[in-house]
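The following block contains the structure, expressed as structure tokens.
The values are calculated or read from the model by the stated rules, or taken from the named source; none is laboratory data. As the structure is a prediction and not an experimental result, all values here were calculated from the model. As a convention, Cβ positions derive from the backbone with ideal geometry for all residues, glycine included, and neighbour counts pool all protein chains shown.
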Amino acid sequence: MENEMRSIGEMARDGGLSVSALRFYDRAGVLVPAWVDPASGYRWYEPEQLEEARLLARLRRAGMPLADIRLVLAGWAGADSELVRGLLDAHLHRLELELSDARSEFSTLRALLDRRENPMTSLTTATVRLSVPAAELAAALDSVRFAAGTDPELPMLGGILFDIEGEGLNTVATDRYRMAVARARTTGHGDFRVQTVVPLPLADAMRALLAGDESVHLVVDGDRVTLEAGDRQTAGQSIGHEFPDYRRLVQLPAGRRARVDTAAFRDALETGPVRAGETHKQDGEPCDLSVLRVTENGTVLVCDDGDGDDDQNNVAVNREFLLHALAAGARDELIVELSAPTAPLAIRRPDDADSFSILMPVRLED
């Protein structure tokens with residue numbers, strides 16, 4: 001009965017915790033039974049403690065440390081919502097960082113496997129010199145610069161990946177919530193693959209040298225990267241961290257495509273409805289959301305507030321990020337590709353399959 005004391009077995013069954021876990025949390029002072037039989041040592045719990053047990057079980061499944069759980073339970077009991085929300089947000093941020101670190105490590109391991117299987121693959125140790133049309137490299141940098149990260153705890157994202165293979169140079173940038181990829185042609189390089197992460201200040205210095213239609217020379221010598229443009233050059237050290245394996249990240253599920261007039265679509269976003277509020281966050285910062293839908297006739301709609309939030313054809317994205325992606329697309333017409341509400345949105349160029357941006361969706365909350 002809800003109004004009666006619960007035995008430890010009943011509390012375990014209804015609260016989602018094992019009996020041994022309840023004993024451990026008692027000894028740790030996290031969830032202490034209301035009464036312990038002095039003769040048998042058997043633990044009994046008040047009905048009000050069931051909510052705490054269920055909350056504790058959820059927090060443990062989410063991997064929250066015991067010290068933080070103790071604070072959450074205290075804040076929950078004291079109706080201190082600000083404290084509880086702060087602790088939950090901090091733990092989620094830690095999990096995101098740990099996941100990013102894990103992805104980086106696994107990316108490195110895959111690269112090591114690739115090199116074992118193909119000794120002609122190099123990440124940063126090879127010395128190469130190649131030519132790139134200045135206009136193409138400038139366009140590639142302009143296409144991806146907006147998506148680069150600025151989080152000091154994720155230094156590998158604070159630059160632009162130069163991925164050189166065959167007769168092409170892919171430039172890639174991501175801050176975890178968006179990614180941009182663009183390609184430029186190269187000459188003078190062999191088939192083996194070379195990757196180097198160029199820090200943003202050096203990438204910006206390179207961009208400043210790119211003018212006209214002449215080719216420039218890019219030199220990668222170990223961890224040093226140099227761009228030579230006529231009698232001018234800029235050089236610096238690459239970022240000594242492995243970049244995420246972007247080729248795996250851009251393998252998106254097939255979605256609904258719509259060709260849009262870029263200026264008109266931008267105007268619709270800037271003047272159309274947005275969702276705003278503290279519940280919509282990316283990277284801990286509030287953001288305005290645009291909710292999009294591709295109709296059966298291939299038109300992209302900016303949905304009104306509350307218009308079909310449960311519709312599986314609706315995708316919510318950070319409006320500022322989407323506007324940046326449209327500007328970086330640098331075309332009068334672009335292709336918007338949507339899939340499920342939990343799948344990334346893609347912005348593609350009709351005439352260039354190798355240059356595109358993807359944006360992570362934002363979950364709509366009540």
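Filter region 238-256 for residues that are exposed (fewer than 14 other Cβ atoms within 10 Å of the Cβ) and of a type in the set (Lys, Arg) and give the result.
Arg247, Arg248
Return the only residue of Ala90, Ala147, Ala134 being at pLDDT 85 or above and either among the hydroxyl-bearing types (Ser, Thr, Tyr) or closer than 23 Å to Phe321 by Cβ (or both).
Every option except Ala147 fails the conditions.
Could you give every pair whose Cβ atoms fall below 8 Å, whose first residue belongs to region 195-213 and is on the phi < 0 side of the Ramachandran plot, and whose second residue is aromatic (Phe, Trp, Tyr) and assigned to a strand (DSSP E or B), counting only separations of at least 6 or pairs across chains?
These pairs meet every condition: Gln195/Phe162; Thr196/Phe162; Val197/Phe162; Val198/Phe162.
Would you check which residues across region 254-291 are β-branched (Val, Ile, Thr) and at pLDDT 80 or above and list them?
The answer is Val260, Thr262, Thr271, Val274, Val291.
Ok, one more. For Gly149, all conditions in the list (1) in contact (Cβ under 8 Å) with a residue 24 or more places away in the chain; (2) over 25 Å from Leu97 (Cα atoms); (3) touching a helix residue (DSSP H, G or I) at 6+ places or on another chain (Cβ under 8 Å) hold save one; what is the number of the exception?
So the condition that Gly149 fails would be (2).
Residues Arg13, Arg58, Arg43: which one is farther than 25 Å from Glu153 by Cα, among the charged types (D, E, K, R), in contact with a strand residue (DSSP E or B) (Cβ under 7 Å, 6 or more places away or on another chain) and modelled with pLDDT of 90 or more?
Within the list Arg13, Arg58, Arg43, the selection yields Arg43.
Continuing with the same structure: Residues being loosely packed, with under 14 Cβ neighbours inside 10 Å, among the hydrophobic types (A, V, I, L, M, F, W, C) and more than 28 Å from Tyr246 (Cβ to Cβ): count how many of those fall in region 75-113.
Total satisfying the criteria: 3.
Restricting attention to region 326-360, which residues are of a type outside the set (Lys, Arg), surrounded by fewer than 22 Cβ atoms within 10 Å (Cβ to Cβ) and in a loop (DSSP other than H, G, I, E, B)?
If the condition is that a residue be of a type outside the set (Lys, Arg), surrounded by fewer than 22 Cβ atoms within 10 Å (Cβ to Cβ) and in a loop (DSSP other than H, G, I, E, B), then Ala330, Asp332, Ser339, Ala340, Pro341, Thr342, Ala343, Pro350, Asp351, Met360 are the ones that fit.
I've got another one for you. Helices (runs of 4 or more DSSP H) wholly in region 1-97 with at least 2 residues that are touching a residue at least 40 places away in the same chain (Cβ under 8 Å) - which ones?
Here the list reads 8-15, 49-61, 66-77.
Between a first residue in region 235-250 that is closer than 14 Å to Phe162 by Cβ and a second residue that is acidic (Asp, Glu) and surrounded by 15 or more Cβ atoms within 10 Å (Cβ to Cβ), which pairs have beta carbons less than 9 Å apart while being 6 or more apart in sequence or on different chains?
Between residues of region 235-250 that are closer than 14 Å to Phe162 by Cβ and residues that are acidic (Asp, Glu) and surrounded by 15 or more Cβ atoms within 10 Å (Cβ to Cβ), the close pairs are Ala235/Glu228; Phe243/Asp163; Tyr246/Asp163.
Still on this structure: Kindly check whether there is at least one residue in region 156-166 that is buried (at least 21 other Cβ atoms within 10 Å of the Cβ), closer than 29 Å to Arg103 by Cα, aromatic (Phe, Trp, Tyr) and over 16 Å from the mean Cα position of the chain (by Cα).
yes
Quick check on Asp245: is it under 20 Å from Ile358 (Cα atoms) and more than 27 Å from the chain's Cα centre (by Cα)?
no
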